[in-house]
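The values are calculated or read from the model by the stated rules, or taken from the named source; none is laboratory data. All figures in this text were calculated on a predicted structure; none of them were measured in a lab. Cβ placement follows ideal geometry from the backbone for every residue including glycine, while neighbour counts extend to all protein chains displayed. Protein only, heavy atoms only, side chains kept; ligands, DNA and RNA dropped before computing areas. Shrake-Rupley method; radii C 1.70, N 1.55, O 1.52, S 1.80 Å.
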Amino acid sequence: ISTRVHGIPLERVDATQWHALVPAVVAALEALRLADITDTVGFGGWDAQGQASEASWSSRLLTIGNDDPAARIHGWRQKLATVPTGEAAFVWGFDLLQQVVTDDVPRALLHCDLVNRNVLVKGPHMTGVFDWGCSVYGDHLYELAWFEFWAPWYPQLDIAYLRTALEQQWQAIGYTPTNQATRLAACYLHIGLDHLAYNANLGDWPTLLATAERMRTLVEQ
């Protein structure tokens, strides 16, 4: 239960409102990156005590290859195998993820779902952030990768403008993410693979194939 807030979902704003909203989005991403999680341990999803079970960022990302019997989408791998293009995309992406993933990343708090009606905005302000069920500890670049991955689904949101504003904020405070391109590639791959599994479970083959294409486009650019 939380305090009631008002606004519209972030992804429903028009291009003009988006540009006015970007400073607030940058501030929120920086608040996540700088959140004090020193009393917690681990990577990945965290429990009621704020602790996560994975020992490293790579182990967190590479669990995407497991069709966990305890997961709510268990059985996705068998369903994915019925669509050869989707199965091939998953194998390609997972093989590449194993090559590029690194544990040399800062550990930060992530929301990991800042669209899908989980953020309300009003004018140039974010009024609420909901549904932390996907939240993990990991590389803060994942949040930028999330916006960039789904950019074609929200063409009115100028995600390149968001990236520029975020990088300008980092420059202003003297912060430079190390190995940024490779870390982003790992994030793109994980987001793509995660949603190949998700859409296979749903049987949403058009979205699955569009996701596979987007994943390949981002990592091959």
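Taking the range 130-157 as the range and being more than 19 Å from Met215 (Cα to Cα) and surrounded by fewer than 19 Cβ atoms within 10 Å (Cβ to Cβ) as the test, the residues that pass are Phe130, Asp131, Trp132, Gly133, Cys134, Ser135, Gln156. Can you spot a residue in the range 73-81 that is among the aromatic types (Phe, Trp, Tyr) and touching an Asp or Glu at 6+ places or on another chain (Cβ under 9 Å)? Yes, the range 73-81 contains at least one residue that is among the aromatic types (Phe, Trp, Tyr) and touching an Asp or Glu at 6+ places or on another chain (Cβ under 9 Å). Name the pairs whose Cβ atoms lie under 8 Å apart, with the first residue in the range 31-50 and under 17 Å from Gly133 (Cβ atoms), the second open to solvent by 100 Å² or more (accessible area, probe 1.4 Å) and not in a strand (DSSP E or B), and 6 or more positions between them or separate chains? Taking only residues 6 or more apart or on different chains, the pairs are Gly50/Asp39. Number of residues in the range 46-58 that are open to solvent by less than 50 Å² (accessible area, probe 1.4 Å) and within 14 Å of Ala108 (Cβ to Cβ) equals 3. Out of curiosity, is Val5 part of a loop (DSSP other than H, G, I, E, B) and farther than 26 Å from Trp170 by Cα? Taking the combined requirement at face value, the residue satisfies it. Residue pairs whose Cβ atoms lie under 7 Å apart, sitting 6 or more positions apart in sequence or on different chains, and linking a residue in the range 86-97 that is over 13 Å from Glu213 (Cα atoms) and touching a residue at least 40 places away in the same chain (Cβ under 8 Å) to a partner that is open to solvent by less than 40 Å² (accessible area, probe 1.4 Å) and of a type in the set (Gly, Ala, Ser), are Phe94/Gly65; Leu97/Ala186. In the set Leu97, Leu110, only one residue is within 28 Å of Ser2 (Cα to Cα) and surrounded by 17 or more Cβ atoms within 10 Å (Cβ to Cβ); that residue is Leu110. Might you let me know whether the range 52-63 holds any residue that is part of a strand (DSSP E or B), without any contact (Cβ under 8 Å) to a residue 24 or more places away in the chain and within 20 Å of Ala197 (Cβ to Cβ)? Yes, the range 52-63 contains at least one residue that is part of a strand (DSSP E or B), without any contact (Cβ under 8 Å) to a residue 24 or more places away in the chain and within 20 Å of Ala197 (Cβ to Cβ). Is it true that some residue in the range 181-189 is at pLDDT 95 or above and polar (S, T, N, Q)? Among the residues of the range 181-189, at least one is at pLDDT 95 or above and polar (S, T, N, Q), which makes the answer yes. Against the definition (more than 23 Å from Ile73 (Cα to Cα), at pLDDT 95 or above and surrounded by 14 or more Cβ atoms within 10 Å (Cβ to Cβ)), how does Leu209 come out, yes or no? Against the criterion (more than 23 Å from Ile73 (Cα to Cα), at pLDDT 95 or above and surrounded by 14 or more Cβ atoms within 10 Å (Cβ to Cβ)), Leu209 does not qualify. When the residues of the range 21-45 are narrowed to those that are in contact with a helix residue (DSSP H, G or I) (Cβ under 6 Å, 6 or more places away or on another chain) and in a strand (DSSP E or B), which ends up most open to solvent (accessible area, probe 1.4 Å)? Per the stated criteria, the residue is Phe43. If the condition is being part of a helix (DSSP H, G or I), buried (at least 18 other Cβ atoms within 10 Å of the Cβ) and over 16 Å from the mean Cα position of the chain (by Cα), then the range 64-92 contributes Trp76, Lys79, Leu80, Gly86, Ala89, Phe90.
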